[in-house]
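Accompanying notes for the structure given below.
Bear in mind these aren't lab numbers, they're just calculated from the coordinates by the rules spelled out. Computed from a prediction, not measured in an experiment: that's the story for all the values here. Cβ placement follows ideal geometry from the backbone for every residue including glycine, while neighbour counts extend to all protein chains displayed.
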Ligand SMILES: Cc1cc2nc3c(=O)[nH]c(=O)nc-3n(C[C@H](O)[C@H](O)[C@H](O)COP(=O)(O)O)c2cc1C
């Protein structure tokens, strides 16, 4: 590798769309639904539901990692994970999280701030039971975020579980399930020419009304 990678000349003009002031009057979850549907329908976007989840770590550092959005509605955004993972422990200590989506082919970004809470056991059970057997056993086999000696630890765990569950389906482990992120701020970013991008930031007031402001790019 060269000593210094100069990326200063990588430059792109954004001209795929805009956000008019008219959008400020709508519920941001409706705008999210529209953007998400468009992202899903865009062949160049492979995993429209991949989102960066940021937590405040126990070591004091924010940490971002990608998780998959599995459900959204007016309540918020749901993803599934191991509750004892690094992110799970971080959320237990501080439930304020950030989420961001970047859909490059549409020149769009969505940034969300919200509070994460565990969904009900029944809802986690229902989703766990809907997953393919391999994914269910994988969730059981992996002590997510823990240090392991080698890959064979995972493969051995999986083989033992495969033997154990030849006849009966595995139950969802207590340490695995969903989180609902209830948003209180949602920002939409649409790339525009000459770096004069559109940004609309929606905030939820204490009486549960969304209001929007335009931000300078
Ligand atoms: C495309 C993609 C999708 C992922 N989806 C999930 C997911 O839905 N849930 C999950 O726990 N980890 C998922 N991961 C793995 C996480 O990024 C991360 O490695 C893992 O959750 C452990 O994070 P933590 O140690 O910070 O808790 C995904 C990774 C990628 C690249």
Task: Count of residues meeting criterion [free of Cβ contacts under 8 Å to residues at least 60 places away in the same chain and either surrounded by 19 or more Cβ atoms within 10 Å (Cβ to Cβ) or not in a strand (DSSP E or B) (or both)] in segment 196-217 - done: 9
Open item on the list: Against the conditions (1) surrounded by 20 or more Cβ atoms within 10 Å (Cβ to Cβ); (2) within 13 Å of the ligand (Cβ to nearest atom); (3) free of Cβ contacts under 8 Å to residues at least 40 places away in the same chain, where does residue 69 fall short? Just the number, please.
Closed with: (1)
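Can you name every residue in segment 131-148 that is assigned to a helix (DSSP H, G or I) and within 13 Å of the ligand (Cβ to nearest atom)?
Once the filter is applied, which keeps residues that are assigned to a helix (DSSP H, G or I) and within 13 Å of the ligand (Cβ to nearest atom), segment 131-148 yields 135, 138, 139.
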Open item on the list: I'd like to know if segment 125-140 contains one or more residues that are in contact (Cβ under 8 Å) with a residue 60 or more places away in the chain and surrounded by 15 or more Cβ atoms within 10 Å (Cβ to Cβ).
Closed with: no
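Quick one: is residue 74 without any contact (Cβ under 8 Å) to a residue 24 or more places away in the chain, over 15 Å from the mean Cα position of the chain (by Cα) and either within 22 Å of residue 123 (Cβ to Cβ) or within 12 Å of the ligand (Cβ to nearest atom) (or both)? Spell out the reasoning first.
Details: without any contact (Cβ under 8 Å) to a residue 24 or more places away in the chain: no; over 15 Å from the mean Cα position of the chain (by Cα): yes; either within 22 Å of residue 123 (Cβ to Cβ) or within 12 Å of the ligand (Cβ to nearest atom) (or both): yes.
It is false that residue 74 is without any contact (Cβ under 8 Å) to a residue 24 or more places away in the chain, over 15 Å from the mean Cα position of the chain (by Cα) and either within 22 Å of residue 123 (Cβ to Cβ) or within 12 Å of the ligand (Cβ to nearest atom) (or both).
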- [ ] Restricting attention to segment 83-130, report how many residues are in contact with a helix residue (DSSP H, G or I) (Cβ under 6 Å, 6 or more places away or on another chain) and either within 27 Å of residue 147 (Cα to Cα) or within 12 Å of the ligand (Cβ to nearest atom) (or both).
- [x] 1
